[in-house]
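FYI, it's all coordinate maths here, none of it is from the lab. None of the values given here were measured: they were computed from a predicted structure. Neighbour counts run over all protein chains shown; Cβ positions are idealised from the backbone, glycine included.
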Amino acid sequence: MSVQWENVDFATTKPSVPMRLYEGAAKGKAPALVLYLRGGAFLSRDRKEIERPIGKAFAETGAVVLEADYSRVSHNVFPQAMECAFMALKCLSGRRKQFGSPRSRLLVAGDEAGGNLAASVALKARDQMPGELSGQVLLSPMIDPMMATASIRKADKIGMGQRWAEGWSHYLGSHCGFQHPYAAPCLCSRLSGVAPALVVTSEDDPLHDETVGYASRLKASGVTVRQKVFPASCGWTGIYSEGDGKWMATLCSEFTAFVDSLN
């Protein structure tokens, strides 16, 4: 596994956005190219030098994964964080040959706060890069600023309730940003035409209801959705502490099947 940070300069945008590159030994001739956006409740700003388990695992399936350090550049506020992620996607779209091949499928993936950005970027890609994005991978996306679902009541049990509330407050600031579809995708009134989605959560996940609800709305809008709900015993909520668990092998299988379905 080759994992490193490097600066990827944008032609018209400064500062540049650092990207961590994950490449596994199974990389093929036309590997899927994945822009990965990690979680952190819109509060984490320190780049972590150890590789992310999800980024590493996806790369080991044969994909090329680039993790964008959007937090440091955007200070985790809307719309800067979303725009930073979207510019990273545009950059990768124009550099498929550099990281994969001209035939490589382009995907965006994210967990928790990064899942919010991945869903938002998919919406903006539909609007401004039609046909460029092949798929989106949403791992317990943090997409509902109202925090009013039944499952979110479990957040305090894993120590995330106050953190997520503070994260939303920081991300949206004084804006009425939650009314903007790119800030809170679950409130978007037009989901048709976005890229196919792999949506993942677990039965005991505090973000379960908003994740499943968003998947249902995507399906109702005619979007192809592959959905996985892990059992409560699998340790999925460890994703919020940047860990892995018994779910990792199954997640990789789901990811591989999803990528193959995009042919």
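So here's what we get for this one:
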read-out: Förster radius 25 Å - calculated FRET efficiency between Thr250 and Lys29, Cβ distance, rounded to 0.05; value: 0.40
read-out: The range 22-177: projected area of the alpha-carbon convex hull, averaged over directions, in nm²; value: 9.6
read-out: Charge dipole (debye, nearest 20) of the range 2-258; +1 at Cβ of Lys and Arg, -1 at Cβ of Asp and Glu; value: 740
read-out: Selected from Phe99, Val223, Gly115, residue furthest toward positive end of dipole (the chain; charges at beta carbon); value: Phe99
read-out: 5 angstrom amide H check on Phe230, placed H, neighbours 5+ away; value: Thr201, Ser202, Glu203
read-out: Principal axes of the range 152-222: Cα extent on each, largest first, Å; value: 36, 33, 15
read-out: Principal axis dimensions, the range 118-191 - Cα atoms, whole angstrom, descending; value: 41, 27, 19
read-out: Average Cα contact separation per residue, the range 142-256, under 8 Å, 6 or more apart, as relative contact order %; value: 25
read-out: Per-q log10 I(q)/I(0), the chain, q = 0.09, 0.13, 0.15 Å⁻¹ (Debye; single scatterer per alpha-carbon; no solvent); value: -0.34, -0.75, -1.04
read-out: Estimated FRET transfer efficiency when R0 is 25 angstrom, pair Ala257-His170 (beta carbons, to 0.05); value: 0.10
read-out: For the range 213-263, radius of gyration divided by Kirkwood radius, i.e. Rg to Rh on alpha-carbons; value: 1.03
read-out: Whole-number percent relative contact order across the chain, with pairs defined as alpha carbons under 8 Å at least 6 apart; value: 17
